[in-house]
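The values are calculated or read from the model by the stated rules, or taken from the named source; none is laboratory data. What you see is a predicted model; the values in this text were computed from it and never measured. Glycine gets a Cβ as well: all are built from the backbone with ideal geometry, and neighbour counts include every protein chain shown. The protein model used for the area step is the full one, side chains on, heavy atoms only, and it has no ligands, DNA or RNA in it. Shrake-Rupley method; radii C 1.70, N 1.55, O 1.52, S 1.80 Å.
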Amino acid sequence: MSVRETAPPVPDVFDPRRYADGVPHAAYRTLRDHHPVAWQEEPEVLGWPAGTGFWAVTRHADVVRVLKDPATYSSRLGATQIRDPDPDDLPFIRRMMLNQDPPDHGRLRRLVSRAFTPRRIEHFTSVVRGRARALLEDAVREARAGDGRCDLVASVTDDYALLNLADLLGVPERDRDLLLHWTRRVIGYQDPDEAGEPVHDASGRPVNPRSPALLRDMFAYAHRLALHKKSQPSDDVLTTLATDPELAPAELEMFFFLLTVAGNDTVRSAAPGGLLTLARHPDAYAALRSGRVGLDTAVDELLRLHPPVLSFRRTAAVDTELAGQRIRAGDKVVVFHASANHDERVFTDPHRVDLARSPNPHVSFGDGPHVCLGAHFARLQLRVLYEESLRVLPTLTMAGAPRRLVSNFINGLKSLPVRVG
């Protein structure tokens with residue numbers, strides 16, 4: 001009897017509702033061990049129409065291979081979300097750096113990199129620390145005045161990620177709630193709690209939240225803010241972009257979209273995920289508080305265990321083969337970061353929390369030409385938040401089950417209830 005005949009069936013890792021109960025690590029393990037490149041059906045779910053299906057890539061080596069080979073696995077052909085965009089929207093979506101291949105991608109990345117200088121990022125350290133301390137201390141004070149419980153997502157991490165990003169971009173204080181509104185609408189579109197009721201077109205189909213029709217308000221705001229920055233420049237990312245003569249207005253729109261949504265949700269998802277891991281492993285939290293483990297390696301281990309992004313899509317540009325599976329040009333190929341981060345072929349005892357783990361080649365920020373541009377800023381924010389949590393919260397104890405985002409894309413938490421001593 002062949003290995004294929006004795007292998008277990010291919011589990012579903014597409015349905016976003018599965019992720020509301022937790023990352024499906026058992027299913028990922030089955031895929032890694034028996035079906036490392038496995039065909040997944042894409043049925044109609046939550047009112048969103050069925051798709052053509054895709055190849056799920058779950059082993060670390062194969063994920064890295066896909067991410068590092070844009071000539072074979074394109075970000076441009078079908079963009080980077082599992083759901084196919086409307087063909088009429090695809091030219092618009094391809095204007096975003098995330099949905100481009102070299103050499104066009106490299107040009108835009110170089111332009112925006114000018115705004116993310118190490119000096120500018122480090123300048124925010126004191127601001128970020130003060131914000132983390134104030135949010136945590138306020139949450140503890142309110143909890144002690146009440147029943148001793150607080151929701152770290154609602155009281156700390158949502159505002160922390162949002163306000164840090166707003167400072168970096170240069171968004172005025174009065175407009176900052178818009179960033180969270182746009183993030184929820186675009187990132188949380190599979191979760192009714194986040195996105196609300198979807199907008200439908202004339203034929204009754206839901207409209208993709210990344211379509212130009214649903215981004216007009218964001219783009220109009222981006223242009224108004226850019227005009228303001230040109231007349232009143234300051235030390236922020238939007239001033240740098242708005243005054244860059246090489247950046248076209250349409251490109252500025254897409255940068256604002258990318259930075260607003262991706263820049264906010266990376267930390268918004270990773271921060272409560274890291275705190276949840278520490279709450280579930282009090283020995284690890286105690287080791288951090290005592291200084292037996294350093295925060296630099298701890299930040300990366302927490303990112304490995306709870307990557308902010310679950311999956312990213314590519315499209316095969318040519319006929320190819322991956323892990324023995326023949327892939328045709330035009331097929332969707334989706335890499336699963338959380339699975340790669342738990343691959344036993346790379347990480348010893350991958351479900352163990354080892355805050356001193358080194359090396360730690362996780363792919364939580366991607367790999368290859370599209371590796372996260374804001375990774376340094378994200379790590380800084382996470383390190384500072386954990387440092388202040390260790391100071392303000394002597395213990396980190398769950399006060400109930402966390403609520404997870406309904407999404408096969410973002411590894412998000414909607415609530416994280418903890419008890420304050």
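Details
- Net charge in the neighbourhood of ASP84 (other residues with Cβ under 11 Å of its Cβ; Lys, Arg +1, Asp, Glu -1) is 0.
- Shape metrics for segment 1-73, restricted to C-alpha atoms - Rg then Dmax, Å: 13.8, 42
- Each of SER231, PRO70, HIS25 was scored by the projection of its Cα onto the charge dipole of the chain, and the greatest displacement toward the positive side belongs to SER231; charges sit on the C-beta of Lys, Arg, Asp and Glu.
- Note on the chain: GNM, Cα springs under 10 Å; of ASP367, ASP89, ASP300, the largest mean-square fluctuation is that of ASP89.
- Other residues with beta-carbon under 15 Å from the beta-carbon of ARG174 carry, at +1 per Lys or Arg and -1 per Asp or Glu, a net charge of -2.
- Surface share of carbon and sulfur [accessible, 1.4 angstrom probe, percent] for the chain: 52 percent
- Take the Cα of ARG205, step 7 Å toward its Cβ, do the same at ALA71, and the gap between the two points is 3.5 nm.
- Note on segment 263-336: Cα-Cα pairs beyond 14 Å make up 69% of the total pair count.
- Simple Cβ-charge dipole of segment 273-421, Lys/Arg +1 and Asp/Glu -1, about Cα centre, in debye nearest 20: 480 debye
- Computed with a 1.4 Å probe over protein heavy atoms only, the accessible surface of the chain comes to 42 Å² per residue.
- The VAL10 and LEU46 beta-carbon pair, evaluated with R₀ = 22 Å, returns a calculated FRET efficiency of approximately 0.50.
- Positive dipole terminus of segment 32-143, leading residue within HIS35, LEU135, THR125 (C-beta point charges): THR125
- Compactness index (Cα Rg / 2.2 N^0.38 Å), the chain: 0.97
- Helical content alone sets the calculated 222 nm signal of the chain at -13500 deg cm²/dmol, taking -39,500 (n - 2.57) per DSSP H segment of four or more residues and averaging over every residue.
- Choice from VAL335, VAL127, VAL64 with maximal GNM fluctuation in the chain (Cα, 10 Å cutoff): VAL127
- Taking one quarter of the surface of the convex hull spanned by the alpha-carbon atoms of segment 265-421 gives a direction-averaged projected area of 10.3 nm².
- Listed peptides 141-153, 375-387 by packing density, highest first (mean Cβ within 10 Å): 375-387, 141-153
- The chain: relative contact order in percent, alpha carbon pairs under 8 Å with at least 6 residues between: 26 percent
- Among beta bridges from DSSP that stay inside the chain, the antiparallel ones total about 90%.
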